[in-house]
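Here is the structure we will look at, set down as structure tokens.
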Number of protein chains: 2
Amino acid sequence: MDITQFVAGSIGQWKSQRSAHHMIFGHFEAVRSEIEIVALTLDDPAAIALCQAYDLDPSQAVMPFRMSWEGESDWDESEVLKGSTVLVPIPDPNLPNRGRLLRDRGYAETIPAAAHYHITEDGVFVLITEYDRAAAEERIWFVNPNLRFRVSTIKTSDGSGVVTASFSSELRAMTTT
Amino acid sequence: MDITQFVAGSIGQWKSQRSAHHMIFGHFEAVRSEIEIVALTLDDPAAIALCQAYDLDPSQAVMPFRMSWEGESDWDESEVLKGSTVLVPIPDPNLPNRGRLLRDRGYAETIPAAAHYHITEDGVFVLITEYDRAAAEERIWFVNPNLRFRVSTIKTSDGSGVVTASFSSELRAMTTT
């Protein structure tokens, strides 16, 4: 599994169930959402602009994509969780299955964030994002071509404490023909 | 990470939050439980009996342990989920970080089950148990010495469908001194 295969397998529409465990108080949160992942071309203006924002050469990019989501949490059913982000993988030219993943907004904060990824021998895509006061780690893998799992942790930036752990099961939405 | 280190790191008391995703109907289930993992000696009668039940030489066993749990689900708060099982790792003499894990009852069914484990280069303990009509896969890893994650899937035995996916975060219970 390399980054090209990983992104190619992710293109499509997904129904997500996400459970968050808020560790300090032992709270559970349940989120249902629809996720759409769309491939962008290498000359897509949003992908090029993102590379330029990080002072990176757009020719280093592979498989840029846009991810959009819309869902609701059982903590506040009146609030719609909705968003969209452009993501651009930049493989490391020297290290196999490692690189950076640029995006135009982070998951945990709304400032632009550069994340580092690697893909394990076991086929798990691991993404680590450092923020000012927190770090996020995501582990994403395919159970089969139509089911992805995603385990996310938000840690304090010194790495000592895990604040939130969450698990998503993402099932490919059946296309209606 | 080898089986000895994995079991040694697991000994103790844990507070578990478990979220199950019942995939077909998109249901969420939340389970809170206390888990206790106690080391057994190699000459423990329960460990020896378990080896004998599988026609295996008890001298092949390493780090037998007993796991007990007590908890409740938000699906039926009147029902107490409670149980205890003896587990005996039997490393494969020829393959590093692979072997069998004997136990005196399975998670998904109550018949004795022999499971196969391996530990990935990434330190994930992967356990696969085949039942008559289903297969269970568990992936367990340490985020830090006091926090374990566990992702479990129950599949139909032909491997085609995932029926249930669940995620546990297991936080080491603070000892009162």
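The values are calculated or read from the model by the stated rules, or taken from the named source; none is laboratory data. Worth saying up front: this structure is predicted, and the values here are computed from it rather than measured. As a convention, Cβ positions derive from the backbone with ideal geometry for all residues, glycine included, and neighbour counts pool all protein chains shown.
Every condition in (1) within 14 Å of another protein chain (Cβ to nearest Cβ); (2) under 17 Å from residue B:3 (Cβ atoms); (3) at pLDDT 95 or above is met by residue B:99 except one, and the failing one is (1). Selection of the range A:121-153 for residues being of a type in the set (S, T, N, Q), modelled with pLDDT under 95 and over 17 Å from residue A:86 (Cα atoms) yields A:144, A:146.
In a residue-by-residue description of the range A:36-51, the property of being within 14 Å of chain B (Cβ to nearest Cβ) and either closer than 26 Å to residue A:155 by Cα or touching a Phe, Trp or Tyr at 6+ places or on another chain (Cβ under 6 Å) (or both) applies to no position.
The set of residues in the range A:1-35 being within 14 Å of chain B (Cβ to nearest Cβ) and of a type in the set (D, E, K, R) consists of A:15, A:18, A:29, A:32, A:34.
The single condition from (1) modelled with pLDDT of 95 or more; (2) of a type outside the set (A, V, I, L, M); (3) farther than 29 Å from residue A:17 by Cα that residue B:34 fails is (3).
Mind telling me which of the residues A:84, A:33, A:59, A:19 ends up being under 21 Å from residue A:140 (Cβ atoms), surrounded by fewer than 18 Cβ atoms within 10 Å (Cβ to Cβ) and of a type in the set (Gly, Ala, Ser)?
Exactly one of A:84, A:33, A:59, A:19 is under 21 Å from residue A:140 (Cβ atoms), surrounded by fewer than 18 Cβ atoms within 10 Å (Cβ to Cβ) and of a type in the set (Gly, Ala, Ser), namely A:84.
Residues in the range B:38-52 that are in contact with a Leu (Cβ under 9 Å, 6 or more places away or on another chain) and farther than 18 Å from residue B:91 by Cα: B:46 alone.
Filtered by the rule that a residue be of a type in the set (Asp, Glu), in contact (Cβ under 8 Å) with a residue 40 or more places away in the chain and surrounded by fewer than 14 Cβ atoms within 10 Å (Cβ to Cβ), the range A:62-81 gives a lone residue, A:74.
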